[in-house]
Amino acid sequence: MKIDIPQGSAPTNDTEALVLSGLLDMTSTSRDRRFGFYIPIHSQLCIELFGWNYKKAICELSRRGLVEVNNKYSAGRFPKSYRLKDRWRLPFTEEYTLRKGNRKLRIRIEQDDEIGNLLVQKFNQFYLPEVAQGWDGFNGRQIQRADYYAVRCKYGRLHTSFTGLKRESRTRLQTIDNQHLIEIDVVNCQPLLAGVIVKQNVQSTSTICWDMRSENFIELCSKGQVYETLLEEIRRTMSYRDLLTGSPYQERYRHRPVNRKDVKNQFLIMMFAENDTMRKMPIFQYVRKLWPVIAKAIQEIKEHQYQKLAWDCQRFESKIMIDGVCSRVFRTSPETILITIHDGILTTADKSELVHGCIRREFSQFGIVPTVNEKILDISPSIANN
């Protein structure tokens with residue numbers, strides 16, 4: 001069996017090669033990991049992925065400057081974490097041939113996860129005629145070889161070779177029978193999910209009182225207007241430079257006005273950052289002004305573990321989009337060609353109405369009518385560069 005390893009890394013045995021290849025795969029599906037975020041891997045999973053001698057292999061790779069180890073862990077809470085060093089955390093690879101009997105575990109979906117396994121079975125209905133450079137090229141080559149990567153993490157999200165592609169490269173995806181593809185997603189999905197989670201938390205455990213302004217936040221999210229509302233408020237007093245107060249990039253944008261994408265990026269950073277960082281962000285002051293209960297409740301949720309809101313959003317998203325929407329679609333039409341891109345879905349044009357209806361039915365359980373966007377994938381002659 002052949003696997004991809006960082007170019008020039010020269011592992012001395014299969015276990016070292018499996019560690020390097022595994023970390024490369026895990027890095028490829030996450031922008032944060034590409035920038036150097038450590039990857040938490042439980043010891044039992046290390047054994048499953050790399051073999052019983054993984055500790056010795058990681059120690060040797062660390063000594064040789066290929067892998068870095070974060071030895072901080074807490075039993076029952078979070079494991080040790082790992083990352084490729086900067087020089088090796090790049091999408092430039094070479095092939096390594098494993099000895100007979102050794103193989104790489106690239107698809108990790110539990111046997112009883114019916115929907116997760118059904119989604120993986122749909123992968124071979126898609127192909128990518130050309131690949132880009134960089135990380136998109138790394139993931140694209142896996143798709144071309146049908147050598148797919150797929151992991152459903154403990155928060156329910158499905159991370160795959162497809163989710164690792166940038167939007168520009170996803171527009172080049174085609175079905176093997178040349179059907180038109182449609183990308184369907186829920187507008188303002190992350191703030192909408194967070195709003196529902198915050199509301200449930202306030203009503204069940206918090207001493208804060210839910211109010212009409214908080215209900216207005218969820219309504220704006222469901223209409224797809226929360227970023228526009230913030231943008232209108234921010235533009236009255238701030239440039240993009242002001243919005244980046246405290247950021248090392250602040251001086252680059254001295255005169256540029258704020259746009260919707262800026263607001264979205266800053267809002268998502270704020271929502272999932274540590275409380276101390278969040279409170280210093282200018283956008284948080286606007287959130288606190290417009291929706292004070294939402295701002296206070298978010299701080300409460302993240303008080304003891306700032307990642308909790310992000311984890312809760314991922315669980316909620318996967319419950320709705322994978323276990324809910326995809327389950328409904330496959331029960332109604334098992335032959336549907338479909339893959340998930342976290343809070344979005346790629347499917348064929350003839351199934352778009354079915355997917356729309358399933359999304360609305362899932363959200364209706366929470367009293368929400370979401371705004372759903374639909375985009376026909378535009379296959380352009382240029383290949384996106386990473």
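In the stretch 118-141, how many residues are of a type in the set (S, T, N, Q) and buried (at least 16 other Cβ atoms within 10 Å of the Cβ)?
The first filter runs over the stretch 118-141 and keeps only residues of a type in the set (S, T, N, Q), leaving 121, 124-125, 133, 139.
Keeping just the survivors that are buried (at least 16 other Cβ atoms within 10 Å of the Cβ) gives 125, 139.
Count: 2.
Filter the stretch 76-86 down to the residues that are of a type in the set (D, E, K, R) and either surrounded by 13 or more Cβ atoms within 10 Å (Cβ to Cβ) or at pLDDT below 95 (or both) and list them by number. Reasoning before the result, please.
The first filter runs over the stretch 76-86 and keeps only residues of a type in the set (D, E, K, R), leaving 77, 80, 83, 85-86.
Within the stretch 76-86, ARG77, LYS80, ARG83, LYS85 qualify.
Helices (runs of 4 or more DSSP H) wholly in the stretch 50-155 with at least 1 residues that are in contact (Cβ under 8 Å) with a residue 24 or more places away in the chain, closer than 26 Å to GLU317 by Cβ and not hydrophobic (A, V, I, L, M, F, W, C) - which ones?
Working: elements: 54-63, 114-121, 134-144.
Fully inside the stretch 50-155 and qualifying: 114-121, 134-144.
Can you pull out the residues in the stretch 265-296 that are modelled with pLDDT of 95 or more and small (Gly, Ala, Ser)?
ALA295
Exactly one of these conditions fails for GLU232: (1) over 25 Å from the mean Cα position of the chain (by Cα); (2) under 30 Å from PHE123 (Cα atoms); (3) among the charged types (D, E, K, R). Give me its number.
Going through (1) over 25 Å from the mean Cα position of the chain (by Cα); (2) under 30 Å from PHE123 (Cα atoms); (3) among the charged types (D, E, K, R) one by one, GLU232 breaks only (2).
Could you check, for the stretch 205-217, whether at least one of its residues is surrounded by 15 or more Cβ atoms within 10 Å (Cβ to Cβ) and in a strand (DSSP E or B)?
no
Scan the stretch 6-39 for residues that are buried (at least 17 other Cβ atoms within 10 Å of the Cβ) and over 20 Å from PHE162 (Cα atoms) and report the count.
Residues meeting the conditions: 10.
Would you call GLN314 of a type outside the set (Phe, Trp, Tyr) and not in a loop (DSSP other than H, G, I, E, B)?
On the way: of a type outside the set (Phe, Trp, Tyr): yes; not in a loop (DSSP other than H, G, I, E, B): yes.
Criteria met by GLN314.
Go through the stretch 156-185 residue by residue and tally those that are outside any loop (DSSP other than H, G, I, E, B), aliphatic (A, V, I, L, M) and over 15 Å from the mean Cα position of the chain (by Cα).
Of the stretch 156-185, the ones outside any loop (DSSP other than H, G, I, E, B) are 158-160, 167-170, 174-175, 181-185.
Still in the list and also aliphatic (A, V, I, L, M): 158, 181-182, 184.
Those still in the list that are over 15 Å from the mean Cα position of the chain (by Cα) too: 181-182, 184.
Summing the residues that are outside any loop (DSSP other than H, G, I, E, B), aliphatic (A, V, I, L, M) and over 15 Å from the mean Cα position of the chain (by Cα) in the stretch 156-185 gives 3.
Hey, ASN386 hits all of (1) modelled with pLDDT under 95; (2) out of contact with any Phe, Trp or Tyr (no Cβ under 7 Å at 6 or more places or on another chain) but one; which does it fall short on?
In the conditions (1) modelled with pLDDT under 95; (2) out of contact with any Phe, Trp or Tyr (no Cβ under 7 Å at 6 or more places or on another chain), ASN386 misses (2) alone.
Considering only the stretch 38-80, state which residues are in contact with a strand residue (DSSP E or B) (Cβ under 7 Å, 6 or more places away or on another chain) and farther than 18 Å from ALA10 by Cα.
TYR38, ILE39, PRO40, ILE41, VAL69, ASN70, PHE78, PRO79, LYS80 - these are the residues of the stretch 38-80 that are in contact with a strand residue (DSSP E or B) (Cβ under 7 Å, 6 or more places away or on another chain) and farther than 18 Å from ALA10 by Cα.
The values are calculated or read from the model by the stated rules, or taken from the named source; none is laboratory data. All of these numbers come straight from a predicted model, not from anything done at the bench. A quick note on method: Cβ atoms are made from the backbone with ideal geometry, for glycine too, and the neighbour counts reach across all protein chains shown.
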